[in-house]
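One structure is given here, and the rest of the page talks about it.
The values are calculated or read from the model by the stated rules, or taken from the named source; none is laboratory data. A quick note: this is a predicted structure, and the numbers were derived from the prediction, not measured. Neighbour counts run over all protein chains shown; Cβ positions are idealised from the backbone, glycine included. Areas reflect the complete protein model, heavy atoms only, side chains present, ligands, DNA and RNA absent. Shrake-Rupley method; radii C 1.70, N 1.55, O 1.52, S 1.80 Å.
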Protein chains: 2
Amino acid sequence: MKRKSFREAECPVARALDAIGDWWSLLIIRDAFDGLRRFSEIQQNLGIAKGMLASRLREFVKLGILELVPASDGSAYQEYALTEKGRGLFLVVVALRQWGEGHLYQKGEARSLLVDTRTGQPVAPLRLYAADGRAIDWPETRVESKVAERAL
Amino acid sequence: MKRKSFREAECPVARALDAIGDWWSLLIIRDAFDGLRRFSEIQQNLGIAKGMLASRLREFVKLGILELVPASDGSAYQEYALTEKGRGLFLVVVALRQWGEGHLYQKGEARSLLVDTRTGQPVAPLRLYAADGRAIDWPETRVESKVAERAL
């Protein structure tokens with residue numbers, strides 16, 4: 001479809017999706033979290049066209065989600081590193097992962113696993129909490145629109 | 001780009017993104033969480049072409065993320081409702097929202113807010129916890145690949 005921009009949206013979900021762009025772009029971010037830092041590594045891992053990847057990486061740099069840094073091995077290469085804003089996408093990736101784990105695998109299918117490096121155990125499922133610490137779910141929430149900054 | 005399928009991917013993030021499809025499709029799910037249930041409501045709210053929306057809704061029904069149910073007002077209309085699998089996307093939407101809130105708004109810009117219906121207070125930021133209850137972040141995690149079911 002003709003892409004409609006949600007860059008100015010009042011809804012943070014819409015803005016976030018607008019910034020992330022095409023459906024596969026978040027896999028670049030996932031790769032960055034997994035330690036892939038070079039164009040060639042990412043290109044090989046995702047198997048997408050070089051031109052498309054280059055354009056998407058440029059966009060992520062422009063948005064301040066990735067930054068170009070000197071290669072960690074001292075070579076002349078440049079590498080892509082997550083900025084603080086980019087690292088903020090970690091829970092988006094984890095939430096997608098946990099939904100995928102719970103709903104998109106048949107019994108017995110091999111899948112990757114996110115583990116706590118200290119114990120080697122899988123991380124706990126994400127949960128949503130109210131400000132007072134109660135665990136809550138969708139039915140206990142609502143979206144209020146047009147909230148001015150002063151009310152936040 | 002020519003769409004590469006990650007339907008069989010070992011990585012749950014890739015499978016999840018494959019199931020969700022185009023970047024704007026998650027806005028349909030957001031609308032469902034916000035209580036929009038009719039084709040015309042969703043179409044009007046997103047402002048996307050009817051054919052595209054119809055095709056994406058069909059896909060979501062096929063994937064078991066949405067289901068068609070009789071209209072809640074007893075009329076002859078059908079409505080789209082989230083299945084349990086679809087409701088599982090709530091934390092994906094919340095994670096996107098919180099990232100957007102934190103990184104994509106200028107000071108003073110109006111935005112919508114997710115609140116706890118009991119108290120009217122904004123929900124707490126999502127956090128990741130280890131199995132033993134420690135709060136952890138990206139640097140304390142790693143992805144293990146090709147984990148067989150029996151090891152889970």
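Please specify each residue of segment A:19-41 satisfying the condition of being more than 8 Å from chain B (Cβ to nearest Cβ), of a type outside the set (A, V, I, L, M, F, W, C) and open to solvent by less than 10 Å² (accessible area, probe 1.4 Å).
Of segment A:19-41, the ones more than 8 Å from chain B (Cβ to nearest Cβ) are A:28-29, A:31-32, A:35-41.
Remaining after also requiring of a type outside the set (A, V, I, L, M, F, W, C): A:31, A:35, A:37-38, A:40-41.
Passing the criteria: only A:D31.
Criterion applied to A:R15, A:R7, A:R56 was being open to solvent by 30 Å² or more (accessible area, probe 1.4 Å) and within 10 Å of another protein chain (Cβ to nearest Cβ), and the one residue passing it is A:R7.
Residue under question is A:R111, and the condition is that it be outside the structural domain of A:F33 (by TED's automatic domain parsing) and free of Cβ contacts under 8 Å to residues at least 12 places away in the same chain; does it hold? So A:R111 passes the test. Pairs meeting the criteria (first residue in segment A:49-68 and within 15 Å of B:H103 (Cβ to Cβ), second residue open to solvent by 50 Å² or more (accessible area, probe 1.4 Å) and assigned to a helix (DSSP H, G or I), beta carbons under 8 Å, at least 6 apart or on different chains) are A:E67/A:V61.
State yes or no: is A:Y77 open to solvent by 60 Å² or more (accessible area, probe 1.4 Å), free of Cβ contacts under 8 Å to residues at least 40 places away in the same chain and at the interface with another protein chain (Cβ under 7 Å from one of its Cβ atoms)?
Numbers: open to solvent by 60 Å² or more (accessible area, probe 1.4 Å): yes; free of Cβ contacts under 8 Å to residues at least 40 places away in the same chain: yes; at the interface with another protein chain (Cβ under 7 Å from one of its Cβ atoms): no.
In short, no.
Can you report the number of residues in segment A:105-142 which are open to solvent by 30 Å² or more (accessible area, probe 1.4 Å), aliphatic (A, V, I, L, M) and at pLDDT 95 or above? Residues in segment A:105-142 being open to solvent by 30 Å² or more (accessible area, probe 1.4 Å), aliphatic (A, V, I, L, M) and at pLDDT 95 or above: 2 in total. Answer yes or no as to whether A:L91 is closer than 21 Å to B:E140 by Cα, open to solvent by 20 Å² or more (accessible area, probe 1.4 Å) and within 7 Å of another protein chain (Cβ to nearest Cβ). Considered against the rule, which asks whether it is closer than 21 Å to B:E140 by Cα, open to solvent by 20 Å² or more (accessible area, probe 1.4 Å) and within 7 Å of another protein chain (Cβ to nearest Cβ), A:L91 comes out as yes.
Quick one: would you say B:E84 is open to solvent by 80 Å² or more (accessible area, probe 1.4 Å), touching a strand residue (DSSP E or B) at 6+ places or on another chain (Cβ under 6 Å) and either under 24 Å from A:R15 (Cα atoms) or more than 7 Å from chain A (Cβ to nearest Cβ) (or both)? Give the steps one after another, and end with the answer.
Details: open to solvent by 80 Å² or more (accessible area, probe 1.4 Å): yes; touching a strand residue (DSSP E or B) at 6+ places or on another chain (Cβ under 6 Å): no; either under 24 Å from A:R15 (Cα atoms) or more than 7 Å from chain A (Cβ to nearest Cβ) (or both): yes.
Judged against the criteria, B:E84 is not a match.
Is it fair to say A:A76 is within 30 Å of A:F60 (Cα to Cα), of a type outside the set (V, I, T) and in contact with a Leu (Cβ under 9 Å, 6 or more places away or on another chain)? No, not satisfied.
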